[in-house]
Structures are given as C-alpha cells and as structure tokens.
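To start, the structure itself, in structure tokens.
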Amino acid sequence: MKILIVYASAGAGHKKAAEAVVEAFNKIPDSSNYEISIVDSLDFSNMLFKWLYGKQYLTLVNYFPHIWGFFYYLFDYKIVNRLLWLPRRIINVINCWKFEKFVCYKSPDLIISTHFMANEIISHMKKRGLIKARLFSAVTDYRLHSFWVTSGVDLYFVATQKTKEDLLLSGVPNGKIFVTGVPISPRFSLKQDKFQVREKIGIDKNLFTVLMIGGGFGVGPMEELVSSIGVISDKIQLLIVCGYNKELSERVAKIVSNLGIKAKIYGFANNVDELMSASDILVTKPGGLTTSEAMAKVLPAIFIKPIPGQETRNSAVLAGYKAAFVAKDTKSVTEKVKELFKNPESLDKMKAAIRSIASPNPAKNIVDLVVKNIS
C-alpha cells in the first residue's frame, strides 16, 4: 500500500508531526507492507507563494501577532470561511497545480495530512475524480480552525476531547473523529530516569530544574526570564534553549555569568526529549508540538505571552484542565516558578491533570488506527 504524508512548512510543527507519523510507521512489525513517502506541499508551489505562505507567516506571528490574531479569528467565522472558499480554491489552483500533478503521479492509496492546505487541495481532487485515495488528517493544535474542515477528509485525528467537540460542532460525524493526541516523535513517549538523564547531560542531579525553550519568545522576554528565574534560589538550575539565535545565546550566557546562575545553554537542541525528562518545569510558548511533547513527558508547563490565535487557544485548553499555567508577563512566570518550587504538591497536581488528558504515544495511536481502518 502506498501512503503519502503531506505537510506544509509554515512553522516547524506541521513537519515534525508528519515525521513523527513516518517514524511510528517504521516501528510497526509489518512496516515493509507500506510504501511511505513524505512531502512538503509548498515545495511544489512557486517561489513567491512558498515565501508568502511560510516566511510571512513567521513574520506575522513574531512581529505583528495581533494582526495575525485578528485574521485568524476573522477567518474562523463560518460565514467568512464560506466566502473565502472560492478565493482559496483559485489561489491553490494557480499556485499548487504542480502538487496536484505530483499526487496524481504518485497515485497513493492513502494520504495523511498534517496541515489544512492539503485537506482543501486533496478534497477537491477527489471530487473531480482525479484520485481515489482516502484522506486522513492529523490536527496539530488543541482547538480547531475552520480551515481544517473539508468534506473530502475521511478521518480526523485530534488532540483532545475539546478538539473533537469543535469538529462535531462543524458538522463532522462522530465516527470520523478519533482522539489520539497530536503526533510527536515516539522518543518523547520513552520513560527516562530523571537523575540518569541529568547525569548524562552534565547538570546537578539534585537541583530543581527549569527548562526554558526560547523559540518565539523574542530577545527581551528570554533575557528577563533568565535574570528573574535564575536568582529565585541557589537550589534552582536552568536549561536554556535559544534555537538558532546565536546573539541571544551570547547575551544569555553573559547574564548567567554575571549573576552566577546555575545554567546550561543550548543553541539548537536535538535532544529536547532528554531535556524535558531532566526537568521539573517547562517555560515556553504554547505551540501545538512543543505542548504535546511536554504532555507526553508529564512535564508541567508555564506558557508565556501566547500569540493571539492558535497559541491562546492551546494554552486555554490546557489551563482549563489545570495541566498548565498561562502567564501574561515575566513577573507572573517568576511567581509561578517560585510557587511550584516551594510547593511540590502543586506540581504533583499539575502532573495528575496532565496524566488525565495526555496521550503517551500519539503517533503510534494514529498509525494503529490507520492500519485498522485500511485493512
């Protein structure tokens, strides 16, 4: 059986979700029965469209978040979404015809999408009789945006019961929706001993550990957070991930040195699963993938300044379950870290809440359901 897994490189999360599904497929006993291909749908568009779709998305969320939030919510209204259907269809026809041609050439039996753009394109191809493939869609956020909903999707895989309720309200039949969790790499589902991991990465085994993943923080908040959290107590140590921002790494290193903070600084980290296993708290932005990775690791999270749109929705869902805390500013983050550091029972309550909703291995859940529904 030929399976095509499709994402769009608008942010890193959709690609990681797709890769997680591939990784999970490769771990099943009869994996040789499946011919798996993974593609970025934007690779088959023109350069201008790919630049606008991917790069300008990042520009909006990082520098003009309220503008992004305005359009995110506006386009989620049913009447606006209906009015946008034709313009979206025309835009996709003009810019994504090479992707349609590629899909026809591959002639897959099943397509799994981790981005809503593929849902619209593939659904229209099915209606025109160009392909006969079934279409399964893995939603990568904790609440649903209307763009995900198209009639050609045969099954939806969603993060929580709340996401399922959104789909039901959108008219999707109950039998088409499965609560699996957002697909993440299976390595985040592995149980790792906290103290052994701490020893492996070279930090104190006995100190309360706060993991800070910079990503979309922006320079100011990350530096302020390091300065304020790092001096709460000499019994606290920090793991700081600054991503590809070398200048930020250098500035954070200077703060750590000047204040005598116990910390280890990373640029891009390819061992985030280990860093999460070694930590007691995560401070980050509430992107769908990072959030799901933390939930799989049963790692309580503090979300700082969620971007209007999917981040505010993600954080609201988890805060509603008492599995995370949403902070409006650096002071709020610091106060919450201090509270959890001094009151282990509060930390245990958050962990219990996480266990009540988390899917330990979402990608495996999805693959198991795929195999069951195509056999």
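Let's see how each residue does on (1) among the charged types (D, E, K, R); (2) more than 24 Å from ILE304 (Cβ to Cβ); (3) in contact (Cβ under 8 Å) with a residue 12 or more places away in the chain:
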{"site": "PHE325", "(1), (2), (3)": "no, no, yes"}
{"site": "THR330", "(1), (2), (3)": "no, no, yes"}
{"site": "SER346", "(1), (2), (3)": "no, no, no"}
{"site": "ILE366", "(1), (2), (3)": "no, yes, yes"}
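Out of all the residues in region 24-36, which are in contact (Cβ under 8 Å) with a residue 60 or more places away in the chain and in a helix (DSSP H, G or I)?
Correct list: ALA24, PHE25.
Only one residue in LEU225, LEU130, LEU135, LEU168 is assigned to a helix (DSSP H, G or I), farther than 21 Å from ALA324 by Cβ and among the aliphatic types (A, V, I, L, M), so which one is that?
LEU168
Which number in (1) out of contact with any Pro (no Cβ under 7 Å at 6 or more places or on another chain); (2) touching a residue at least 12 places away in the same chain (Cβ under 8 Å) marks the one condition that VAL21 misses?
Condition (1) is where VAL21 drops out.
Are there any pairs, at least 6 apart or on different chains, whose C-beta atoms fall under 9 Å, with the first in region 286-302 and more than 14 Å from ILE357 (Cβ to Cβ) and assigned by TED's automatic domain parsing to the domain that holds TYR7 and the second basic (Lys, Arg) and not in a helix (DSSP H, G or I), and if so, which?
none
Out of the residues in region 153-165 meeting the condition of being at pLDDT 95 or above and part of a loop (DSSP other than H, G, I, E, B), tell me which one is surrounded by the fewest Cβ atoms within 10 Å (Cβ to Cβ).
Out of the qualifying residues, it is ASP154.
Of all residues in region 72-99, how many are within 22 Å of ASN314 (Cα to Cα) and exposed (fewer than 14 other Cβ atoms within 10 Å of the Cβ)?
3
Are there any pairs, at least 6 apart or on different chains, whose C-beta atoms fall under 9 Å, with the first in region 182-202 and closer than 12 Å to GLU23 by Cα and the second assigned to a loop (DSSP other than H, G, I, E, B) and of a type in the set (Val, Ile, Thr), and if so, which?
Cβ pairs passing all conditions: PRO183/THR114; PRO183/THR140.
Does region 1-54 hold any residues that are within 17 Å of the chain's Cα centre (by Cα) and among the basic types (Lys, Arg), and which are they?
LYS15, LYS16
Using beta carbons and a limit of 7 Å, which pairs, at least six apart or on different chains, have the first residue in region 245-256 and assigned by TED's automatic domain parsing to the domain that holds GLY267 and the second one of a type in the set (Asp, Glu)?
Short answer, once both residue conditions are applied: ARG251/GLU223; VAL252/GLU223; ILE255/GLU223.
The values are calculated or read from the model by the stated rules, or taken from the named source; none is laboratory data. Fair warning: this is a prediction, and the values are worked out from it, not measured in the lab. Cβ atoms come from the backbone with ideal geometry, glycine included; neighbour counts cover every protein chain shown.
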